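Quick notes on the structure that follows.
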Amino acid sequence: MAQAVHDVVDDVDPVLLMTSELVTNVVLHANTDVTVSITRGPPVRVEVRDGTRATEAFRDLIGASAMPGPSSTGGRGLALVSALASRVGLDDDPAGGKIVWFEY
């Protein structure tokens, strides 16, 4: 993935980190197949698809920047993506499931 965007962004580390956070959410919470798509841009756009519909609670988390308390063992991934990305969004996948995306 770093190869795909290294000539489009100055620092690929934030793109890799945000992608990792979104994929980790699929593994931990959706437990479905995951597909990652990259549009080189600019801006770089990364889409992470899974097979689970978005709940209203999840929809409320997209774009929120509030971090959980210091003793919380999770819940920082989406806030981190929101803080680093220029845009973040959620689309319903017409094939079922959802697409969480960010632009950088």
So residue 32 and residue 65, fully extended at 0.36 nm per residue minus their Cα-Cα distance, gain in nm 9.3 nm
If the label point sits 7 Å along Cα→Cβ of residue 8, residues of segment 61-104 with amide N under 12 Å come out as 102-104
Rounded to one decimal in nm, the spacing of the 7 Å Cα→Cβ label points at residue 40 and residue 24 is 2.9
Here the gain from full extension of residue 86 to residue 56, 0.36 nm per residue of separation minus their alpha-carbon distance, amounts to 8.5 nm
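Any idea what diffusion coefficient the chain gets from Stokes-Einstein, in µm²/s, Kirkwood Rh on alpha carbon pairs, 37 °C, 0.692 mPa s?
Rounded to a whole number, D works out at 235 µm²/s.
Bear in mind that the values in this text are calculations on the coordinates, not laboratory data. Keep in mind that what you see is a predicted model, and the values were worked out from it rather than measured. All Cβ positions, glycine included, derive from the backbone under ideal geometry; neighbour counts span all protein chains shown.
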